Amino acid sequence: MTAPTTAPSPTTSAELESVLAAATAAAGPLGALRPAERARLLRAVADALDAAADELVPLAMEESHLAEARLKGELTRTTFQLRLFGEVLEEGSYLEAIVDQADPDWGMGPRPDLRRMLVPLGPVLVYAASNFPFAFSVAGGDTASGLAAGNPIVVKAHSGHPRLSQRTGEIVRGALAEAGAPHGTFDVIFSFERGVEALKDPRIKAGSFTGSIPGGRALFDIASQRPDPIPFYGELGSLNPVFVTPGAIKARGDEIASGFVGSATLGAGQFCTKPGLLFVPAGHGLDDAIVAAAGDVAPASLLNKRIAEGYGEGLAKLVATPGVTPLVEASGVDGLVAGPTLVKTTVPVLLDKADTLLEECFGPFSLVVEYDGQDELRRAAEAFGGNLTATIHGEESETGDLAWLMDLLRDCAGRILWGGWPTGVSVTYAMQHGGPWPATTASLHTSVGTTAIRRFLRPVSYQTMPEELLPEALRDRNVLGIPRRVNGTLTRDDVPA
């Protein structure tokens, strides 16, 4: 098949019924596959997407207005994370398999034979994102982790790249079918109405979303208010504050200025981890360096008309706030194109106008905030709600004075950086991409990294169960060779006779 030249038609209710029925029928067979068998399915999808790169990348460029190099890198990230979840499946510890054999002398009284593991939830509805048309979209991290967990996936395509979504869906579905996945393992639906209809359907057992706070909150409420509420993992909004110490200014002020501008304008400021505020000590002297760095950033296209309109409205409100002065004059939005806008203020103004200034502006905008001493810095740090990230730029000689700041940031952010910039989100084992509200709807979990699989699994214990009725992962013989905690000890051995 070739890339579609017209946008797909909205999914009808009848078509949605067919998709949900197929996903429900696939749930049992897919969940029953051995982990290594599901790993093979994920690798088949990754191989198919890599093979279609010359078709998919130009289509993504046309619909998203993102650069070729960016999209090639993002497609590589997408297929990498599919293969990484394959490794997670084969290693097996994600199952959290535990065996407690019967023990008549257990300290709380006789203990029955108990065996516990994680099992798939069932069909999952994934809302694709606009700002990462590969890595957070049809075949992105939520799809990869949900499939790895053994759940059929229904993707609600994003309206910002419908043809890319359609073609990516065809490739994923074809690769899964050729690799032997159950029919109904994966599908894509189109239209807002069908997405809401699917979220309300009792056959959907979990939802995930990356997007705006209002949109995510509305969907979260739907998921929570169903007759049978389901988990809804929404990644919503984040300011990602950066705190710079006097020592860091003295040691590498120009480097911090250029790094800040580069991170705040990366991808036209359309990263969920964009540093939206930079806190610097009064008298920092970085204004000229920030302006110079911004002068090297060319205007860039935003993703779509809706984002451009929202950015223009938010920008106008922010730059008109009393006490806010320009560093780099607001360029506004010309069609879809916007240049960087950087403004500055002080902590007292920030706190007085918090309802406006502590509101995310999705685009190439950021706010430089001057603090006068540790007391103002503390009051600023205490003003934040939840964030995906928080960053400290300091010197090793200052760490003894920053323990209080670390404690505050730990309570409001999912990832804390010492140095560097938050816009790099590595797909790896220790990544946490999530945080307290409004960064996400479920701060216990991550949407990036291998532990993202945990969102789509639930624990089940089996008590005094006959061996032949136990899941393979919990039987006496460890035929899967996975790590298991047997009588309190982590091992890959068989259960003792």
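The values are calculated or read from the model by the stated rules, or taken from the named source; none is laboratory data. Not measured: the values here are computed from a predicted model. With ideal geometry, Cβ positions are generated from the backbone for all residues, glycine too; neighbour counts draw on all protein chains shown. The area values use the complete protein model at the heavy-atom level, side chains included, leaving out ligands, DNA and RNA. Shrake-Rupley method; radii C 1.70, N 1.55, O 1.52, S 1.80 Å.
A few comments on the model shown:
- Pairwise Cα distances in the stretch 362-416 exceed 14 Å in 61 percent of cases.
- Counting only protein heavy atoms and a probe of 1.4 Å, the accessible surface of the stretch 342-443 is 48% carbon and sulfur.
- Semi-axes of the equivalent ellipsoid of the stretch 241-418 are 26, 17, 15 Å, computed as sqrt(5λ) over the eigenvalues of the C-alpha gyration tensor in descending order.
- Note that the chain presents 41 Å² accessible area per residue, ligands and nucleic acids not counted, probe 1.4 Å.
- Expected 222 nm ellipticity per residue - DSSP helices of 4 or more, -39500 (n - 2.57), all of the chain, to 500: -12000 deg cm²/dmol
- Rounded to the nearest 20 debye, the dipole size of the chain about its Cα centre is 1020 debye, using +1 on the Cβ of Lys and Arg and -1 on the Cβ of Asp and Glu.
- R226/D411 FRET efficiency (R0 22 Å; Cβ-Cβ; nearest 0.05): 0.10
- Crossing angle, helix 13-32 versus the chain [Cα axis fit, 0-90 degrees, rounded to tens]: 60 degrees
- On a per residue basis, the convex hull of the C-alpha atoms belonging to the stretch 362-480 measures out at 188 Å³.
- Value of Rg to Rh for the stretch 184-341, rounded to two decimals, is 1.09; Kirkwood radius and Rg both from alpha-carbon coordinates.
- Flagged links, alpha-carbon separation over 31 Å, of K274/K305; K200/K305; K205/K353; K305/K353: K205/K353
- A run of the chain free of exposed loop cleavage sites, with trypsin sites (Lys or Arg not before Pro) counted only in DSSP states other than H, G, I, E and B and at most 13 other beta carbons within 10 Å, reaches its longest extent at 1-476.
- Checking (1) 51, 32, 17; (2) 42, 30, 19; (3) 37, 27, 21 against the coordinates, the calculated semi-axes √(5λ) of the Cα gyration tensor in Å falls under label (2).
- Applying 1/(1 + (r/R0)^6) with R0 = 41 Å to the Cβ-Cβ distance of W418 and D105 gives a FRET efficiency near 0.25.
- The reciprocal of the average 1/r between distinct C-alpha atoms defines the Kirkwood hydrodynamic radius, which for the stretch 141-240 equals 14.5 Å.
- Compared with the alpha-carbon gap, the fully stretched path from A36 to K353 is longer by 108.7 nm at 0.36 nm per residue.
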